[in-house]
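Notes follow once the structure below has been shown.
What follows is calculated from the coordinates using simple rules that are stated; it is not laboratory data. Predicted model, so just to flag it, every value in this text is computed and none were measured. No Cβ is skipped: glycine too gets one built from the backbone with ideal geometry, and neighbour counts run over all protein chains shown.
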Amino acid sequence: MSAPDTTPYTGTNGNGAAGVRMRGVNKAFGTNTVLRELDLDVDPGERVVIIGPSGSGKTTILRVIMTLERPDSGTIEVGGRQLYHQPAGDGLKPASEKHIRSVRSDIGMVFQHFNLFPHMTALENIMLAPVKVHGQSKEEARTNAFELLDKVGLAHAANQTPGQLSGGQKQRVAIARSLATKPKIMLFDEVTSALDPELVGEVLNVLRDIAEEGKTTMMLVTHEMGFAREVADRLVMFDHGQVLESGPPADVLDNPREARTQEFLGAVREH
Amino acid sequence: MTTAFDANQVQPPKPWYRRGDVLTVLIAFALGYAFLLFGVDESTRFRTRLNPDPDLTFDWMYFWHMVPLMWRGLLATVKATVYGFTIAIFLGLVFALLRRSKLRPVSWPTAFVIEFIRSTPILVQLYFLHALIRTWDWYSPATITILAIGLGIHYATYCSEAYRAGINSVDKGQWEASTALNLGPVSKWTKVILPQAIPNVLPALGNYLVAAMKDAPLGIAVNATGILFFANAIRGGDFRAVEPYMLMGVGFLIASLPAAWLVRRLERKITYERT
């Protein structure tokens, strides 16, 4: 199924969260097609969890929205603005880097392997983008960074470098760093997959807090089905570069319609 | 106040330019440069004031007597090396960045220039540079400056390859995080990529510094003064070769042993910090 059930509004909602509208997006790595004429809509403020077998392209969805991979064709709209295109006459033309940067400032991403800057303290990691990109003063950025660190429970680790932190702590700093630029949509790419099992909880708690605040749209790729059921507004089952089925998590998890979904959920539950 | 922290309670770390260990090194460097700039005698007059033993046997008295002359030549060689290498470090980074450029009209000519300079001998380059500069009437540098420029350009190409390897060694995730934070190219390079790449490059740069010093006597081709010039001058004046050339070997040892030791220390320190 590819047609969405409701007509989405892809601008921004009252809280400032931004929606996404992907139309006919294709992406191939060599002969391996990972996104196939993908249409996907995410409402402003919606929390969408994307599940699917490994290699199905679910991470690539986040990466093309974050502009880490350029799609081969198709359009992506973020917060009502075209990401890779600019209006030109009646149609669209490929966007300049400047335009892409401007739209990209609404997007934040948290990575599986944290990707913190190892030569900076936790505080400096968080302060960098607000100071260098968003023109905040150092004092303002420092105060905000402390607040964010406090929010993720790491105020005491402000002056530690990533090398001194545990995996869960690193990921919480990475989330704080991403929040510091106040993104209208946040992408979470298997943020708990690289963590020891006992550290997963502390990161999921932070994600829950962000979800409850509702200031940002969230797109999560995860294998934590329990968490998906609890937090997601919508669950998207993704396979072979296309959306296989999507709906409220309880529906998809308990009564999957597609055989591939049943197979995948069965394989995940066996563990 | 409901928040559990106080912004003043956790002290931010001192900026790097106010840290004692960094300042000491910077001041030592500045003093060293000042000394090389003003304290080195660039004259090409190397004359002994003692007649060597006429039997052509090794004359220790004569040997020790020449030490201050050798020292003067060594300092001139070190000066050319250090100035040349200063050029190489910055020019090499420029080469490395131009070569990475997405614009092919920029990256391809740069790659060609680097390959060309790397695969031609520095001796030939020095002759060419000397001849070239002599055709200009608006610039007539001292010969030791020509040597420094020649060494600088030649070693810039080697340094650029080292930088390239160092930049490639920075984890892909660091680039992606820079994109995700929407950092501009200047912040991305100066705050994220280079601070991680340069420590990886330092040992290679140190090795090139030692290599550059060993190439500096080629300055004899452009009549630049230096330690080889000293030995040649003595041979020409006193018809004695064994003592001055042996002393030259001692001079190189004095200069390169501490350099090699520093490079090894740097390598150890960097591997330590990575683990």
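Write down the Kirkwood hydrodynamic radius of the range B:66-169, to one decimal in angstroms, obtained as one divided by the mean of 1/r over all alpha carbon pairs.
Evaluated over the range B:66-169, this radius sits at 14.9 Å.
Two decimals is fine: what's Rg over Rh for the protein assembly as shown, C-alpha atoms, Kirkwood radius as Rh?
1.13
What is the sum of charges, Lys and Arg at +1 and Asp and Glu at -1, for the other residues whose Cβ falls under 15 Å from the Cβ of A:Arg208?
Spelling it out: positives minus negatives among the neighbours equals -2.
Could you compute the net charge surrounding A:Leu38? Neighbours are other residues with a C-beta less than 12 Å from the C-beta of A:Leu38; K and R count +1, D and E count -1.
0
Kyte-Doolittle mean at least 0.5 and Cα extent at least 15 Å along the axis: which DSSP H helices of chain B qualify?
B:20-39, B:67-100, B:122-134, B:143-168, B:194-215, B:227-238
Spelling out what I want: for every residue of the range A:48-62, take phi, set θ = phi - 60°, compute 6.51 cos²θ - 1.76 cosθ + 1.60 (Karplus), and round to whole Hz; glycine and proline get x.
In residue order, the calculated couplings are 10, 9, 9, 10, x, x, 5, x, 7, x, 5, 5, 4, 4, 5 Hz.
Calculate the dipole size of the protein assembly as shown relative to its Cα centre from +1 charges on Lys and Arg beta carbons and -1 charges on Asp and Glu beta carbons; express the result in debye to the nearest 20.
1880
Along the positive direction of the dipole of the protein assembly as shown (beta-carbon charges: Lys, Arg +1; Asp, Glu -1; about the Cα centre), which of A:Phe29, A:Ala122, B:Pro54 reaches farthest?
Farthest towards the positive pole: B:Pro54.
In chain B, if every C-alpha pair distance is counted and binned at 10 Å from zero, what percent goes to each bin?
6, 22, 28, 22, 12, 6, 3, 1, 0, 0
Return a whole-number percent for the relative contact order of chain A, with Cα pairs under 8 Å and 6 or more residues apart as the contact set.
Relative contact order, chain A: 25 percent.
If the cut-off is a Cα-Cα distance under 25 Å, which lysines reach B:Lys188, setting aside same-chain residues fewer than 8 apart in sequence?
Reachable lysines: A:Lys98, A:Lys132, A:Lys138, A:Lys170, A:Lys182, A:Lys184, B:Lys14, B:Lys102, B:Lys172.
How crowded by other chains is B:181-193, given as the mean number of beta carbons from other chains within 10 Å of each beta carbon?
So the per-residue partner count for this stretch is 5.
How large is the helix-only mean residue ellipticity at 222 nm for the protein assembly as shown, computed as the sum of -39500 (n - 2.57) over DSSP H runs with n ≥ 4, divided by its residue count, in deg cm²/dmol to the nearest 500?
-17000 deg cm²/dmol
How many Cβ atoms of partner chains, on average, are near each residue of A:95-102 if near means within 10 Å of its Cβ?
Across the residues of A:95-102, the mean count of other-chain Cβ atoms within 10 Å is 1.
Taking R0 as 45 Å, what's the FRET efficiency between A:Gln262 and B:Ala165 from their Cβ-Cβ distance, rounded to 0.05?
Computed FRET efficiency for A:Gln262 and B:Ala165: 0.35.
Let a ≥ b ≥ c be the square roots of the eigenvalues of the Cα gyration tensor of the range A:146-193; is it rounded (a/c under 1.5), or, if not, prolate (a/b larger than b/c) or oblate?
Since a/c reaches 1.5 but b/c is at least a/b, the shape of the range A:146-193 is classed as oblate.
Quick one: which residues, 5+ away or cross-chain, put their amide H under 5 Å from the amide H of A:Asp72? H built at 1.01 Å from N.
Close amide H contacts, sequence-distant or interchain: A:Asn26, A:Lys27, A:Ala28.
What is the order of A:Phe227, B:Phe95, fewest Cβ neighbours within 10 Å to most?
A:Phe227, B:Phe95
Which whole-number percentage describes the relative contact order of the range A:110-182, with Cα contacts under 8 Å and a sequence gap of 6 or more?
47
How far apart, in nm, are two points set 7 Å out from the Cα along the Cα-to-Cβ line at B:Thr135 and at B:Thr190?
Rounded to a tenth, the inter-label distance reads 3.9 nm.
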